[in-house]
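Participant: Starting off with a structure, shown below.
The values are calculated or read from the model by the stated rules, or taken from the named source; none is laboratory data. As the structure is a prediction and not an experimental result, all values here were calculated from the model. Note that each Cβ is placed from the backbone with ideal geometry, even for glycine, and that neighbours are counted across all protein chains shown.
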Amino acid sequence: MAELSAIERVLRAELGEVRAQLAEQRLANVLLVQENSALREHDAALTAKLVALVEQVADLERRVGQNPRNSHKPPSSEGYEKPAPRSRRESTDRRSGGQPGHEGTTLRQVHVPDEVVRHQPAACSGCGTSLVDAPVVSVETRQVFDLPEIALRVVAHLLEHRRCGCGRVTMAGAGDGVPAGVGAPTQYGPGVRALASYLLTGQYLPLARTSELLTELVGAPISQGSLAGWYLDAAAGLDPFLNAVTAGLQAAPVLGADETGIRVDGALAWVHAARTDDLTLYTVSQRRGVEAMREAGVLPVLTPDTVLVHDFWSPYWTFDVTHAVCGAHLGRELVAAGEVAGQAGWAGGLDLLMREINRTTIAARQLNADGLTDSLLATYRRRYDDLITAGWAANPDHHSGRSGKGRRPKHVNLLDRLDTHRDEVLRYAHNLNVPFTNNGSEQDVRPLKIRMKIAGCLRTMTGAEAFCRHRSYLSTARKQGQSAFAALRMLHQNNPWIPAVPTTPG
């Protein structure tokens, strides 16, 4: 019994130790489970962060890889390390250089020169004999085209004061042939004012350089304050012109629109352009979007039958018009989409298809056709639909609105737009009056950027509004074959040139 009691005590002691060890093991297991759970949560957080970083790196790589061929960046943004030019323009059978019928600018002799100077040889180049009495056997004409001495021409207007028999004294006025603008003992005429406005608005010179140029070239030491005053007065006189342009744009069956940012008084402002091939209207606003477009007064009054060509920017879709989107913008986006792994098939195919349709529409216009045949349009639409289907097949996680994990890629957003707005994308195929691109609008807003680069920001909103008025005037005048300087001279004579308002598509 004693032996059993001793064994029992040993067993109980060992059992206690086992139970203690088991308790410690259970506690360790609990701690391990907790640690494992924390590690899993940490791993999930790291994984999510890694996914976000991968997407960020991909987005940064995409931005670094952007260039004028696959994005909306201008060619000037590439700097001095830009690669060899690779234009998206397609080759044609036309030779490079001027085409038949193009008016060249080669300097040619005139039939009636302003001055003739005769030069006689004094002695024979062979024997040295005097040639004073020698007969003239031929004459070779060489003409030099040069500027005469530039100087101001002063005209004195003598305004007579005459006394009537009734005793009243009357001075000669406008009805007696006194020109407009002759209102002070001295003043600069419309020619000088027009030249100043042309340098400021047509050549984008700042006030100081314009003043210096006028002083150096024509001897007219005009202050910057006078230049600014002339500039604003001329802009205020453009109301009849602007009314005609606005009415013409409102009645146009097809017009384009674009916008660009400028600096006004150190802050960002926006210039909106509405245009056709014959008319241009610029307006400036501190806002960018629907409110600024409504203030301009063109887009809000367009009818549902009017075709508005734009670059897919969302505010344009708020207007009740027939929309058409720019094929050049879409082409650059398709190039960028084709550079993404697995997207080259549908993206490259759509790019080629849209350019093929454009070539067909150009040929149809040259033949004066009313439009493409129904069968050809149906073929184009079928090919377009097939490529859209292929695009969704290449992106199964995002089809039918499924966003998948993470942010939606840009190429999927592009594919969605091309799918949703098929009619707007192919508008140019169904209506030959609609251009394939909105390049005309982009070209019309480019002078605003040039002005910023040359003269810097505009100091006041009043000055920005005056600049937009002047640019509307000069752009429209050039489109209709008018001399910019002649139009400005008319403006400073209080008789602004009024454009013809065509009814043909822009």
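Participant: Restricting the search to the stretch 251-263, which residues are within 24 Å of Val301 (Cβ to Cβ) and under 21 Å from the mean Cα position of the chain (by Cα)?
Facilitator: Hits for the stretch 251-263 are Ala252, Val254, Leu255, Gly256, Ala257, Asp258, Glu259, Thr260.
Participant: Also: Scan the stretch 105-122 and tell me whether some residue there is at pLDDT 65 or above and closer than 30 Å to Thr437 by Cα.
Facilitator: Yes: one or more hits.
Participant: Now, a different point. I'd like the full set of residues that are under 29 Å from the mean Cα position of the chain (by Cα) and touching a residue at least 24 places away in the same chain (Cβ under 8 Å), limited to the stretch 345-359.
Facilitator: Trp346, Ala347, Gly349, Leu350, Leu353, Met354, Arg355, Ile357, Asn358, Arg359
Participant: Another question about this same structure. I need the full set of residues from the stretch 26-66 which are farther than 30 Å from Arg408 by Cβ and polar (S, T, N, Q), in order please.
Facilitator: Asn29, Gln34, Asn36, Ser37
Participant: Here's a check for you: in the stretch 337-351, which residue that is of a type in the set (A, V, I, L, M), touching a helix residue (DSSP H, G or I) at 6+ places or on another chain (Cβ under 9 Å) and surrounded by fewer than 21 Cβ atoms within 10 Å (Cβ to Cβ) is nearest to Thr437 (Cα to Cα)?
Facilitator: Ala344
Participant: Just to be sure, is Leu242 farther than 30 Å from His329 by Cβ, touching a helix residue (DSSP H, G or I) at 6+ places or on another chain (Cβ under 7 Å), modelled with pLDDT of 95 or more and not aromatic (Phe, Trp, Tyr)?
Facilitator: It is false that Leu242 is farther than 30 Å from His329 by Cβ, touching a helix residue (DSSP H, G or I) at 6+ places or on another chain (Cβ under 7 Å), modelled with pLDDT of 95 or more and not aromatic (Phe, Trp, Tyr).
Participant: Select from the stretch 243-295 the residues that are touching a residue at least 12 places away in the same chain (Cβ under 8 Å) and of a type in the set (S, T, N, Q) and write down the one among them that is farthest from Leu474 (Cα to Cα).
Facilitator: The residue in question is Gln286.
Participant: For the structure I just gave you, tell me whether Val501 is hydrophobic (A, V, I, L, M, F, W, C) and in contact with a Phe, Trp or Tyr (Cβ under 6 Å, 6 or more places away or on another chain).
Facilitator: Numbers: hydrophobic (A, V, I, L, M, F, W, C): yes; in contact with a Phe, Trp or Tyr (Cβ under 6 Å, 6 or more places away or on another chain): no.
When the stated conditions are applied, Val501 does not pass them.
Participant: Only one of these conditions is not met by Thr303: (1) assigned to a strand (DSSP E or B); (2) farther than 30 Å from Phe485 by Cα; (3) of a type in the set (S, T, N, Q). Which number is it?
Facilitator: (1)
Participant: Checking Leu377 against (1) in contact with a His (Cβ under 8 Å, 6 or more places away or on another chain); (2) buried (at least 19 other Cβ atoms within 10 Å of the Cβ), which test does it fail?
Facilitator: (2)
Participant: Still on this model: Could you identify the single residue in Leu432, Leu458 that is farther than 30 Å from Gly266 by Cβ, buried (at least 17 other Cβ atoms within 10 Å of the Cβ) and under 32 Å from the mean Cα position of the chain (by Cα)?
Facilitator: On the way: Leu458 fails: farther than 30 Å from Gly266 by Cβ.
Just one listed residue meets the conditions, Leu432.
Participant: Is it the case that some residue within the stretch 288-296 is assigned to a loop (DSSP other than H, G, I, E, B) and exposed (fewer than 15 other Cβ atoms within 10 Å of the Cβ)?
Facilitator: Scanning the stretch 288-296 turns up no residue that is assigned to a loop (DSSP other than H, G, I, E, B) and exposed (fewer than 15 other Cβ atoms within 10 Å of the Cβ).
Participant: Now for a separate question. Looking only at the stretch 228-241, which residues are crowded, with 20+ Cβ neighbours inside 10 Å and out of contact with any His (no Cβ under 9 Å at 6 or more places or on another chain)?
Facilitator: Scanning the stretch 228-241 gives a single hit, Phe241.
Participant: How many residues are out of contact with any helix residue (DSSP H, G or I) (no Cβ under 8 Å at 6 or more places or on another chain) and in a helix (DSSP H, G or I) if we restrict to the stretch 178-208?
Facilitator: 0
Participant: Please state which of the following conditions Ser441 fails to meet, knowing it meets all the rest: (1) in contact (Cβ under 8 Å) with a residue 24 or more places away in the chain; (2) touching a helix residue (DSSP H, G or I) at 6+ places or on another chain (Cβ under 9 Å); (3) among the hydroxyl-bearing types (Ser, Thr, Tyr).
Facilitator: (2)
Participant: Quick test for you: out of Arg365, Arg382, pick the one residue that is at pLDDT 95 or above and exposed (fewer than 13 other Cβ atoms within 10 Å of the Cβ). Steps first, answer last, please.
Facilitator: Working: Arg365 fails: at pLDDT 95 or above.
After ruling out the rest, the residue left standing is Arg382.
Participant: Something else now. Answer yes if at least one residue in the stretch 143-160 is in contact with a strand residue (DSSP E or B) (Cβ under 9 Å, 6 or more places away or on another chain) and either surrounded by 10 or more Cβ atoms within 10 Å (Cβ to Cβ) or outside any loop (DSSP other than H, G, I, E, B) (or both), and no otherwise.
Facilitator: yes
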